[in-house]
Amino acid sequence: MSIHPFTLAGAPLIALPTGALYWPDENLLCVSDLHLGKSERRARRGAGSLPPYETRDTLSRLEADLRITGAKTVICLGDSFDDTAAADALSDAEKLWIATLQSGRRWVWIEGNHDPGPVDLGGAHLSELPIPPLTFRHIARPGASGELSGHYHPKAQVKMRGRSISRPAFLIDTDRVILPAYGTYTGGLRSDNPALTRLMRAEAVAVLTGSAARAVPMPR
């Protein structure tokens with residue numbers, strides 16, 4: 001697995017090509033914007049059907065990252081469910097799968113704008129979580145430092161080998177990391193969007209996900 005190691009506020013971190021972030025010193029895995037139940041929510045709202053496999057695919061990838069890293073703490077940075085009704089609509093098998101992943105681990109659900117309230121699943125439910133020198137929250141705050149957040153589903157468009165590609169991406173500078181959306185079927189906001197360029201320093205990098213974690217200057 002090709003990874004991208006870096007430091008934030010003195011903490012050594014690893015961006016994984018799956019879109020998860022690993023903090024070795026804390027044996028902690030962080031993911032953002034799982035949006036579990038997205039296909040159910042779309043169908044419920046008459047927005048058109050998607051193949052109803054995204055929850056299983058997302059949980060499969062999360063299970064693999066937990067197996068590879070051996071993480072004993074998991075932080076989900078908000079919008080873990082597409083809404084609270086989608087959380088309630090999970091099948092018994094999917095709820096059991098989540099409970100199995102939680103077993104023996106500290107598990108923290110950070111509140112997001114899609115899932116602002118607690119859900120009927122195990123783990124702690126917090127608005128944000130400081131683990132010095134870092135703070136985990138759903139939406140980045142201007143002026144913050146040592147911050148890990150999600151919400152924006154960042155992606156970066158770059159040219160490689162004569163063709164343009166667009167991939168979900170970590171955005172990283174000396175103040176913060178904005179994680180890509182981890183969930184299947186999640187869209188993305190281009191890194192040149194003003195909402196992101198205003199947050200990120202000029203020297204920021206984008207770490208593209210995929211078969212390998214590739215760092216490039218953040219496209220603006």
- Item | Any chance Val177 is over 17 Å from the mean Cα position of the chain (by Cα), surrounded by 14 or more Cβ atoms within 10 Å (Cβ to Cβ) and of a type in the set (A, V, I, L, M, F, W, C) | no
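Can you say whether Glu147 is in contact with a strand residue (DSSP E or B) (Cβ under 9 Å, 6 or more places away or on another chain), open to solvent by 10 Å² or more (accessible area, probe 1.4 Å), acidic (Asp, Glu) and under 24 Å from Asp25 (Cβ atoms), as far as the supplied structure shows? Spell out the reasoning first.
Details: in contact with a strand residue (DSSP E or B) (Cβ under 9 Å, 6 or more places away or on another chain): yes; open to solvent by 10 Å² or more (accessible area, probe 1.4 Å): no; acidic (Asp, Glu): yes; under 24 Å from Asp25 (Cβ atoms): yes.
Considered against the rule, which asks whether it is in contact with a strand residue (DSSP E or B) (Cβ under 9 Å, 6 or more places away or on another chain), open to solvent by 10 Å² or more (accessible area, probe 1.4 Å), acidic (Asp, Glu) and under 24 Å from Asp25 (Cβ atoms), Glu147 comes out as no.
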- Task: Would you please list the contacts, defined by Cβ atoms under 6 Å and residues six or more apart or on different chains, that run from a residue in region 166-179 that is of a type outside the set (A, V, I, L, M, F, W, C) to a residue that is part of a strand (DSSP E or B)?
- Result: Ser166/Lys155; Ser166/Gln157; Arg167/Leu208; Pro168/Lys155; Arg176/Glu147
- Message: Show me the helices (runs of 4 or more DSSP H) entirely contained within region 1-99 in which 2 or more residues are out of contact with any Ser or Thr (no Cβ under 6 Å at 6 or more places or on another chain), of a type outside the set (Asp, Glu) and modelled with pLDDT of 85 or more.
- Response: 54-69
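Quick one: which residue in Pro142, Pro118 is surrounded by fewer than 17 Cβ atoms within 10 Å (Cβ to Cβ), modelled with pLDDT under 85 and assigned to a loop (DSSP other than H, G, I, E, B)? Steps first, answer last, please.
Numbers: Pro142 fails: modelled with pLDDT under 85.
Checking each option against the conditions leaves just Pro118.
Go through region 101-114 and give me each residue that's under 20 Å from the mean Cα position of the chain (by Cα) and open to solvent by 30 Å² or more (accessible area, probe 1.4 Å).
Step one: filter region 101-114 for residues under 20 Å from the mean Cα position of the chain (by Cα), giving 101-102, 105-114.
Listed by number, the residues that qualify are Arg105, Arg106, Glu111, Asn113, His114.
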- Message: Looking only at region 168-195, count every residue that is under 16 Å from Leu21 (Cα atoms) and not in a loop (DSSP other than H, G, I, E, B) and tell me the total.
- Response: 8
- Query: Could you say whether any residue in region 124-135 is hydrophobic (A, V, I, L, M, F, W, C), out of contact with any helix residue (DSSP H, G or I) (no Cβ under 6 Å at 6 or more places or on another chain) and not in a strand (DSSP E or B)?
  - Reply: no
- Message: So if I check each of Leu196, Leu189, Leu208, which one is over 17 Å from Cys30 (Cα atoms), at pLDDT 95 or above and within 15 Å of the chain's Cα centre (by Cα)?
- Response: Leu189
- Restricting attention to region 184-206, and to residues there that are touching a His at 6+ places or on another chain (Cβ under 9 Å) and within 27 Å of Tyr53 (Cβ to Cβ), which single residue is most open to solvent (accessible area, probe 1.4 Å)? Tyr185
- Message: Tell me yes or no: at least one residue of region 152-164 is in contact (Cβ under 8 Å) with a residue 40 or more places away in the chain, open to solvent by 30 Å² or more (accessible area, probe 1.4 Å) and not in a loop (DSSP other than H, G, I, E, B).
- Response: yes
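Give the residues of region 136-151 that are under 20 Å from Ile14 (Cα atoms) and in contact with a Leu (Cβ under 7 Å, 6 or more places away or on another chain), sorted by residue number. Full working, then the answer.
Pass one, region 136-151, residues under 20 Å from Ile14 (Cα atoms): 136-138, 140, 145-151.
Result: Phe136, His138, Ala140, Gly146, Leu148, Ser149, Gly150.
The values are calculated or read from the model by the stated rules, or taken from the named source; none is laboratory data. Note that the structure is a prediction, hence the values are computed from the model and not measured. Reconstructed Cβ throughout: ideal geometry from the backbone, glycine too, with neighbour counts over all protein chains shown. The accessibility values were calculated without ligands, DNA or RNA, using every heavy atom of the protein model including side chains. Shrake-Rupley method; radii C 1.70, N 1.55, O 1.52, S 1.80 Å.
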